[in-house]
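Trainee: Handing you this structure, nothing more for now.
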Amino acid sequence: MIWLLWLSLAIGVLVHWIYKVNRDYCVLAFFARRVRTKDGKPPESIVPIAKGRTFCANSFDLYGKDAAQVFSHLRQLAQSYHESYLQYGLGFSNYNVTDAHSAGNILNHPNLITKSYIYNFLHPFLRTGVLTATEKKWHTRRNMLARTFHFDILNQFQEIFVAESLKFIEHFEGQNECVVSLRDRITIFTLNSICETAMGVKLDEMAEKGDRYREMFHRIDEGFTRRISNPLYWDDCAYNLFAARDYASALKVVHAFSSEIIAKRRVLLEEELEHRRATQTADDDICVARKKRFAMLDTLICAEKDGLIDNIGICEEVDTLMAEGHDTTSIGLVFGLMNMSLYAEHQELCFQEIQEHIEDDLSNLNLGQLHKLTHLTNFLKETMRLYPSIPIMGRQTIEETELDNGLILPKGSQINLHVFDIHRNPKYWDSPDEFRPERFLPENCQKRHTYAFIPFSAGQRNCIGQKYAMQEMKTLIVVLLKQFKILPVIDPKSIVFQTGLTLRFKDKIKVKLVRRKCD
């Protein structure tokens, strides 16, 4: 019987050890280190701690949920606590931010520029481009790309945006009215636009490959959500063993597409250099100022020549720019046009404003005139408030970090900025579910917290393409409203949102286009 005594003693020692360790670690959450406070009080004195579905704290809260259920679960948590909250799961402490003050503190914190762990799930697709890179690599790539969004370069892109917008409405030529599935048509427009502006390559001869790219992009998006909701797949080895093969063909397609884009641009740049040599204007540096339109990809190719980036690095940034550049903007346009259909009075105000400032032949449709469309700007901002393309953003601590609310986050903590919930927080927005573009009039913005509206993020890692996106969205809407009225087809209350790389929705969002009668 002595072995029972030793067993009891061993169990007692183990229980005592677990009890002591549990003060600093949430043992049942796979030893997630606990959040502390500056004054030594329990963290619950500052923010609530969410209860988990199982005895393993929050580790399995998302297990078995599909994309719509994950989105719904996150919204229910935000509505339950009405403030930022903590979770523990899978070895991580998670700080979920739903208030503007905490969001501003985090987005401007000098030590919180590293993206959260789930961004690693994008590495098979985007590798470590400017979206997912950290520290020195991120700074280098960010500086490299930022100058390509200068006003003068954006002004060069306007001709392309107008041409692609006209191409968009050509699809409805000869029709006085038609019902349009927005997502299907708009992603074609945004992918064509990003490829011709940022990459300097037209997709006219690659239309089928573009269609295939969008199809496989959606497949990769499904894999991202699948990995988020299954704790087993958070481990790279388990994911690579059991699930990665399901998405290998999709990754091959998207990477082949971007590689072909790069190869085509290299050829075009070489042809330009040969032309300059033939006309005695040759220069060893093909990156000096030139009369032809500038493409962002040119910056990367020139940087490769200077040894600042290699071909793999170029592929990373092209994959990132194409994914972000076509997908996020398409979300803004889908919901922008949906709202145009739902709110006829605001559509008419936008139309009258467009008629006042933009010629019918679009000859003056430039950045200067777009800037004058203030109601359209506020309309789009209110759309992005209600339907942010990126509903959640993530950061993680690389060292123990104290926040200004008194929380001390341990190293490796995950910080989730719930943009969707910040944008609908009644603390900052009166009747937050109502569509009111006047919220963004200057006198109303002055009363509101700066970080209550962050559709393009903020701080060091804000979106470098936000002016590009606004320019592209405004241009398409101007061209469309010049020729069509937009009427409603769906009830927005029927939309089932889904979690994904960006804001997703289950069913198609449609509008009815009715051609305007000539005066």
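The values are calculated or read from the model by the stated rules, or taken from the named source; none is laboratory data. Because the structure is a prediction, the values reported are computed rather than measured. All Cβ positions, even for glycine, are placed from backbone atoms using ideal geometry, and neighbour counts span all protein chains on display. Note: accessible area is taken over every heavy atom of the protein model, side chains too, but ligands, DNA and RNA are not part of it. Shrake-Rupley method; radii C 1.70, N 1.55, O 1.52, S 1.80 Å.
Trainee: Just to be sure I understand: of the beta bridges DSSP finds with both ends in the chain, what percent are antiparallel, rounded to 5?
Mentor: Values: 28 of 33 bridges.
Antiparallel bridges make up about 85 percent of those DSSP assigns within the chain.
Trainee: How far is helix 182-197 tilted off the main Cα axis of the chain, in degrees rounded to 10, range 0 to 90?
Mentor: Helix 182-197 and the main axis of the chain meet at about 70 degrees.
Trainee: Express the carbon and sulfur contribution to the solvent-accessible surface of segment 1-118 as a percent, rounded to the nearest whole number, probe 1.4 angstrom. Can you show the working numbers first?
Mentor: Working: 4200 of 6710 Å².
Here carbon and sulfur together make up 63 percent of the probe-accessible area.
Trainee: With percent of Cα pairs over 38 Å apart as the read-out, I listed (i) 32; (ii) 52; (iii) 44; which label goes with the value calculated from this structure?
Mentor: (i)
Trainee: Give me the angle, in degrees from 0 to 90, between the Cα long axis of helix 296-305 and the longest principal axis of the Cα atoms of the chain, rounded to the nearest 10.
Mentor: Approximately 70 degrees, to the nearest ten.
Trainee: If amide H atoms are built 1.01 Å from N in the plane of the peptide, which residues on other chains or at least 5 residues away come under 5 Å of the amide H of L362?
Mentor: none
Trainee: With every protein chain present, what is the per residue accessible area of the chain (1.4 Å probe, Å²)?
Mentor: Working: 24670 Å² over 519 residues.
That works out to 48 Å² per residue.
Trainee: For segment 462-518, which whole percent of the accessible surface, found with a 1.4 angstrom probe, sits on carbon and sulfur atoms? Each step should come with its number before you reach the end.
Mentor: Numbers: 1340 of 2540 Å².
It is 53 percent, rounded to a whole number.
Trainee: Further, regarding this structure: What are the lysines whose alpha-carbon lies under 27 Å from the alpha-carbon of K493, with same-chain residues fewer than 8 places away excluded?
Mentor: Cα-Cα hits under 27 Å: K65, K381, K427, K474, K485, K506, K508, K510, K512.
Trainee: List the aspartates and glutamates whose Cα sits under 20 Å from the Cα of K411, skipping any in the same chain fewer than 8 residues away.
Mentor: Those aspartates and glutamates meeting the cut-off are D24, D39, E44, E135, D235, E399, E400, E402.
Trainee: Given the peptides 328-334, 444-450, arrange them by the average over their residues of other C-beta atoms within 10 Å, most packed first.
Mentor: Going from most to least packed, we get 328-334, 444-450.
Trainee: Still on this structure: Counting only protein heavy atoms and using a 1.4 Å probe, what share of the accessible area of segment 310-443 belongs to carbon plus sulfur, as a whole percent? Don't skip to the answer; put the middle values down first.
Mentor: Working: 2340 of 4720 Å².
On segment 310-443, the fraction of accessible area on carbon and sulfur atoms equals 50 percent.
Trainee: Right, here's the next one. Counting only Cα atoms, I'd like the Rg/Rh figure for segment 84-219, Kirkwood definition for Rh.
Mentor: On the way: Rg = 20.2 Å, Rh = 18.9 Å.
Here the Rg-to-Rh quotient is 1.07.
Trainee: Does anyone have the angle between helix 2-21 and the longest principal axis of the chain? Alpha-carbon axes, 0 to 90°, nearest 10?
Mentor: Value to nearest ten degrees: 40.
Trainee: Kindly report, to the nearest 10 Å², the accessible surface of C518 as traced by a 1.4 Å probe over protein heavy atoms only.
Mentor: Only protein atoms counted, so the area is about 130 Å².
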